[in-house]
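Structure first, then comments.
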């Protein structure tokens, strides 16, 4: 994708009334627009107050003009900003006047796209702009700022540099066999691959946390009727969102609530009680419940702790396991411990068994243990400085790159095939470059920037 020669403009502030509205213009005609609208081109980065004039000489508004000459601007091109009063009709008149001068309205994300194409920011930083705007918590905003400042890109580029260096070593050794260096058998390549995998795992762990910060976790509350699912939702949400009665089957449809725990967004879904029912309405609610369970990141299976319970004979647990085969993605929540005269406790699971939490939603006992388990599951560590926002495509690229590194290590150990090792390293390198945009198909760029706000 190449940078367009057209000069573009857009309103950079939200629609509606406000104190000010900002119109941005980027491209080679920016200085001409400033001279026609504001009467002159102000010195770079100096605010100039004056009238905004139409081509007829009539005053449209009065405000501030700023000029940012390229390449030292956000887009890398000449940029002007017109700061007018925030009335929608005034701004529209001013924008139409600019468009009448042969300037094109910017596409969504085109300003950020030009910044990327002009090497002012990389692709991960460009995406961080949109993520910062869309942040739904202070923690998510902090993560997005760090990505925008290049923290994520630095980690990725460090991995790229290490892979390139190893590629050069492997390919040089193959190109100069007369040196008689057994690079495949001497252990250096293997050690460096192991180090790369360790680095990759660290970045992946941070990226997974960053993805959760951006997208949140989809947590489904499931269980038999009257187990306390809706009570648990209300406690987590901090308000009475679901109707709670002693009548089994009160909840007949899914109920969704968005909450935040230490900045981590959670999409909590309360579902109808899972049981055999002849009621057509209940049947539809149960069908929807099973659908949500199948798409969940984490399922909270709520169990009435006051009743006799045998996990091995618990059919509902067995059915959920078929949809959630990974035990770490299933929590057993034993509710109503106040009726069972039991104490709140947390039993962390492992690769073969799910986590168990004993609590009372009604008495607010053990809820802190549940939130702790949720944060642990998400990999959230609020005591560590740093962190960055990551998107699903970033995570996919990192995981793909890691798989090629694993393959390279296997080829090295099993067959000593230098050519195959070099090819796997090349693929690992290319996968990482998809993150920063050093290598990016044009259709991917179009998809990414089309989701941006107009004016960014």
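Mean sequence separation of contacting Cα pairs (under 8 Å, at least six apart), scaled by the length of region 8-121, corresponds to a relative contact order of 30 percent.
Just to confirm the number: angle between the C-alpha axis of helix 367-378 and the first principal axis of the chain, 0 to 90 degrees, nearest 10? Long axis of 367-378 versus the principal axis of the chain: about 60 degrees. Centroid-to-centroid, using Cα positions, region 320-355 and region 219-235 are 14 Å apart. Angle of helix 123-133 to the longest C-alpha principal axis of the chain, folded into 0 to 90 degrees and rounded to 10: 80°. Only DSSP H runs of four or more residues enter the estimate; each adds -39500 (n - 2.57), and after division by the residues of the chain the mean residue ellipticity at 222 nm equals -14500 deg cm²/dmol. Modelled this way, with points 7 Å down the Cα-to-C-beta line, the labels at residue 101 and residue 145 are 3.5 nm from one another.
Considering region 8-121, its Cα convex hull presents a mean projected area of 6.5 nm². Rounded to the nearest 10 degrees, the inclination of helix 280-294 to the longest alpha-carbon principal axis of the chain is 70 degrees. Stretching the chain fully between residue 347 and residue 62 yields a gain of 96.0 nm (0.36 nm per residue, less the alpha carbon separation). Ranked by the mean number of other Cβ atoms within 10 Å of their residues, highest first, the peptides 88-96, 60-68 come out as 60-68, 88-96.
Counted residue by residue at 0.36 nm each, then reduced by the alpha carbon distance between them, the extension gain from residue 256 to residue 6 reaches 85.5 nm. With each pseudo-label sitting 7 Å past Cα toward Cβ, what's the residue 338-residue 454 distance in nm, one decimal? Calculated label separation equals 5.4 nm. A straight chain from residue 364 to residue 90 at 0.36 nm per residue would run longer than the Cα-Cα distance by 93.2 nm. Using 1/(1 + (r/R0)^6) with R0 = 60 angstrom and r between the beta carbons of residue 202 and residue 280, what's the FRET efficiency to the nearest 0.05? Efficiency for this residue pair is about 0.70.
Values in this text are rule-based calculations from the coordinates and carry no lab data. Please read these numbers as outputs of a predicted model, since none were measured by experiment. Here Cβ is always computed from backbone atoms with ideal geometry, including for glycine, and neighbour counts include all displayed protein chains.
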